[in-house]
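I have placed the structure first, in the form of structure tokens, so that the comments after it can refer back to it.
The values are calculated or read from the model by the stated rules, or taken from the named source; none is laboratory data. Since we're looking at a predicted model, the values are computed, not measured. Every residue, glycine as well, gets a Cβ built from its backbone with ideal geometry; the counts of neighbours run over all protein chains shown.
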């Protein structure tokens, strides 16, 4: 079975704007996690994430570049990395104990970069178990950019 995960990697300077957007992606993740459990409705989890992101100055960049935003924030994971159900706008799917899915809140800034994180979860009766073992956080890579810095 698959596990889906994503982390933000940085080479060179990490602009404050992108740092703040990353912090907002983490906040979105935590708010959705607080409502994840068997019986939760996928569309409601999406709305929790969207509402949290809408309170930031980066709302237009949530889940895609402005005008190209996708209307989901997570998806099932199993034999394939991207499966049903989707944690998406209007989804009536009710989460059941034993389901696995990934949450992937992100903010996309054309010509600047994208920031966010993704974890895979197992739904339980009382909440969730995070299956992603890799620590969260920004990973700073040593190296040079095209500009040589």
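Figures for the structure shown
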| quantity | calculated |
| --- | --- |
| Residue within the stretch 23-37 that is more than 22 Å from residue 122 (Cβ to Cβ), in contact (Cβ under 8 Å) with a residue 40 or more places away in the chain and in a strand (DSSP E or B) present | no |
| Filter result (assigned to a helix (DSSP H, G or I) and either under 18 Å from residue 127 (Cα atoms) or without any contact (Cβ under 8 Å) to a residue 40 or more places away in the chain (or both)) within the stretch 48-79 | 48, 49, 50, 51, 52, 54, 59, 60 |
| Of residues in the stretch 1-28 being under 27 Å from residue 142 (Cβ atoms), modelled with pLDDT of 95 or more and under 11 Å from the mean Cα position of the chain (by Cα), the one surrounded by the most Cβ atoms within 10 Å (Cβ to Cβ) | 25 |
| Residues that are more than 15 Å from residue 32 (Cβ to Cβ) and out of contact with any helix residue (DSSP H, G or I) (no Cβ under 7 Å at 6 or more places or on another chain), drawn from the stretch 77-99 | 77, 78, 79, 80, 81, 82, 83, 84, 94, 96, 97, 98 |
| The lone exception for residue 35 - which of (1) surrounded by fewer than 17 Cβ atoms within 10 Å (Cβ to Cβ); (2) over 24 Å from residue 129 (Cα atoms); (3) touching a helix residue (DSSP H, G or I) at 6+ places or on another chain (Cβ under 6 Å) it fails | (2) |
| Pairs where the first residue, in the stretch 102-119, is in contact (Cβ under 8 Å) with a residue 60 or more places away in the chain and at positive phi and the second is assigned to a strand (DSSP E or B) and crowded, with 22+ Cβ neighbours inside 10 Å, C-beta under 7 Å, 6+ apart | 116/106; 116/107 |
